[in-house]
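Notes to accompany the following structure.
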Amino acid sequence: MIHLDEKDESNSSGQPIAAAESLEQTAVESATADETGDAEEPEFELDSAESEDEAEIQMEEKDFAGEAPELVYNWLSSNKDDASIWQHRRAYQSLRQRVHELMDEDRQVKLRAFMALDDAEESEFVYEPAEILKELRRLSKQFGDALNRIRKQTENDLNANLLAKKDVLDEMRQVITDESDIKKAIQKFRTLLKRWKEIGSIPSREADVVYNNYRHFNKMFFDFLRINEELSQMDIQKVQQIREELIQQAERLADEPSINQCLQRLLTLRKEWRESGYLPDDLDQSTFERFKAACDAVYNRRDAHYKEQDELRQANLTSKLNLLEQIKGLATENYTQLSDWKKAEEQFQTLDADWRKVGSVPRAQSNSIWAEFLEAKKQFFKHRNRIFKEQQSKYAEAVKVKTALIEEAEALKDSQKWKETTEKIKVLQQRWKASPPVDRKRSDALWNRFRAACDGFFESKKNWFEGQSGREQDNLKQKQAVLAELQQCNLESEEEAQAALAELQKKWESIGFVPFKEKAGLESAWDEAVANLRQRLGIDPERQAKMAYKEKLEAMDDKKLTDERRFLGSKAKQIQDEIIQIENSLERFINVKGNESFLRPHKLRIERLRVELEGIESRRQQLKVVIKQRGLN
């Protein structure tokens, strides 16, 4: 890299600083290093694509910290061409970070608004960026893609220029060492100088060696021409004129208000100075010192400005570190309730807003402090996600509990066991009150379903009792009609009579309750009418009883049959247990003389129980046949 505070010299041996072969080797090694560099990294490696003057004159970077999206959009819209993109290449990192911040700010605002809605769940939140942010994201990516393309092309161009200038140096050396005709040598050398100036910039990493060789060959050539003072003097005067103009332009830069414009112009002047031509040492030194003084004035102005900016960035760094510590404190708290986290979120939003008001920090700390901020923010919002998941897990369990209660209530809704079911419903209502809460989104739906089941039962109960008296009177009339039909039955054939009786029995059993005061008389009249019919047909009482029971079973529905089986089984076991108990009690008195009067009533009781048990077993056999016919288990 060329430094203006040092005068370039050849080595003491009078030879070029680097031979052509060495220059070619350096170019190959540099190209190899570039191919294996960081081109694929998201952070562009810009140094290898900068010319010697671009690397020397570092202009102030555009700082996007805290800028509104409209301003960022306007800047991107006005810097789309390749020249502007390359000029602002070092602003890309700040640009990309600001776009990321704006997207994050917009997402947080929309998430908070979403979570403020009733029944909102974060898992259902879908972020849709504002239109201007979508455009910013597109333009930022477009800027980055273009920058990467320009970087690659610029690097290729610089390397091509390097090789071209090395070729010119080789030809200069050949002119000096091989050409004996002075006029031809001058013509060839001037052609080479023209070619040299037409070739563009070269990579900064090669600048020192290449330009030192260039000046060395110029000096050697003009030393060679001292035999022709007239031609040499004309060239020297021309170079003096060029340099004087360059010095004046550099001195006028003191009046340029824009630091960046001043540096941009100085970049061009430095390039023109370097390629202006050869002067003898005394003239070269004097003009160089004047040009250097003008350049130093620009540099001093730049350094003062940068120092001020550095102090401001350092103050911003201190502010952001303080805010970061507070944010980390919120992120490391152990929140157990969502309400506690929401209180902390208010503090976090205040700190977050303060953070965004603070300007940029020194570039060396920019990425690291931003990464720490994002990590702390991520950890803070992890608490909400954790609490939310825990709450959702509790809600899921509560939904299961409430759903089970609903299913129990719905199973009882159509029951007509009014007293028993009423008590069960009341118990369910108490259990519902004691059950854990669920989220608002599902609470109303579950409660409405449970209440509908309970209300449905109580409404049915109310309607049933309101119409009970009328239904009983209707049932009484229906049973009286069936009884009259039975009493008027004059069939002589037992088979026909039995069929008619079975049909009437079904009708009788299917009719519901009658007024309680009429029930006993009605049942007695029915039994009497059945007995009279069977007596007319010559059926003995025992057979009548079996037939009556069979008709009764056939008139029952499946549920009543099952209840009857359960009842007879229980009754049979009860009688068997009583017989066994009596026999065990009498066992010690059987062989005792004079106890006949004591034993007689107990033996009679056992006999009556056995007769009753036989009757029950007979009924159980009849019931078994009917159940089998129905296909019941």
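The values are calculated or read from the model by the stated rules, or taken from the named source; none is laboratory data. None of the values given here were measured: they were computed from a predicted structure. Every residue, glycine among them, receives a Cβ derived from its backbone with ideal geometry; neighbour counts consider all protein chains shown. The protein model used for the area step is the full one, side chains on, heavy atoms only, and it has no ligands, DNA or RNA in it. Shrake-Rupley method; radii C 1.70, N 1.55, O 1.52, S 1.80 Å.
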Hull surface over four for the Cα convex hull of region 217-359, reported in nm², is 13.3
Expressed in square angstrom to the nearest 10, the accessible area of Cys454 with a 1.4 Å probe stands at 0
In region 398-462 the accessible area split gives carbon plus sulfur, as whole percent at 1.4 Å, a share of 52
Ranking Ala411, Asn316, Asn367 by how far each Cα lies towards the positive end of the charge dipole of region 274-427 (+1 on Lys and Arg Cβ, -1 on Asp and Glu Cβ), the top one is Ala411
Heavy-atom accessible area of Ser94, protein chains in place, probe 1.4 angstrom, given in Å² to nearest 10, is 30
With 0.36 nm assigned to each residue of separation and the Cα-Cα distance removed, Ser524 to Ala502 gains 6.1 nm
Going through Lys417/Lys506; Lys342/Lys389; Lys550/Lys624 one by one, the pairs whose alpha carbons sit over 20 Å apart turn out to be Lys417/Lys506
With R₀ set to 41 angstrom, the calculated FRET efficiency between the beta-carbons of Gln365 and Ala293, to the nearest 0.05, is 0.70
Computed ³J(HN,Hα) along region 158-170: with the Karplus parameters 6.51/-1.76/1.60, θ = phi - 60°, integer Hz and x for glycine or proline, the list is 4, 5, 5, 4, 4, 5, 5, 5, 5, 4, 4, 4, 4
Once Thr562, Thr336 are ranked on solvent-accessible area with the largest value leading and a 1.4 Å probe, the list reads Thr336, Thr562
Expected field for Asp352, accessible surface area in Å² at 1.4 Å probe radius, rounded to 10, holds 10
Expressed in nanometres to one decimal, the distance between label points 7 Å along Cα→Cβ at Lys628 and Glu407 is 3.7
The extension gain from Ser393 to Asp444, computed as 0.36 nm times the residue separation minus the Cα-Cα distance, is 16.5 nm
Each label sits 7 Å from Cα toward the beta-carbon; between Ser469 and Arg195 the label points are separated, in nm, by 12.8
So, over other residues within a Cβ distance under 14 Å of Val427, counting Lys, Arg +1 and Asp, Glu -1, the net charge is +2
So, over other residues within a Cβ distance under 9 Å of Ala502, counting Lys, Arg +1 and Asp, Glu -1, the net charge is -1
Put Tyr214, Tyr306 in order of accessible area, largest first, probe 1.4 Å, and you get Tyr306, Tyr214
Per DSSP, the loop-located GluC sites (Glu not before Pro) within region 407-504 having at most 15 other beta carbons within 10 Å are Glu492
Scoring region 405-527 by relative contact order with C-alpha pairs under 8 Å, at least six apart, yields a percentage of 28
Sorting His602, His100, His383, His305 on solvent-accessible surface, 1.4 Å probe, most exposed first, gives His100, His602, His305, His383
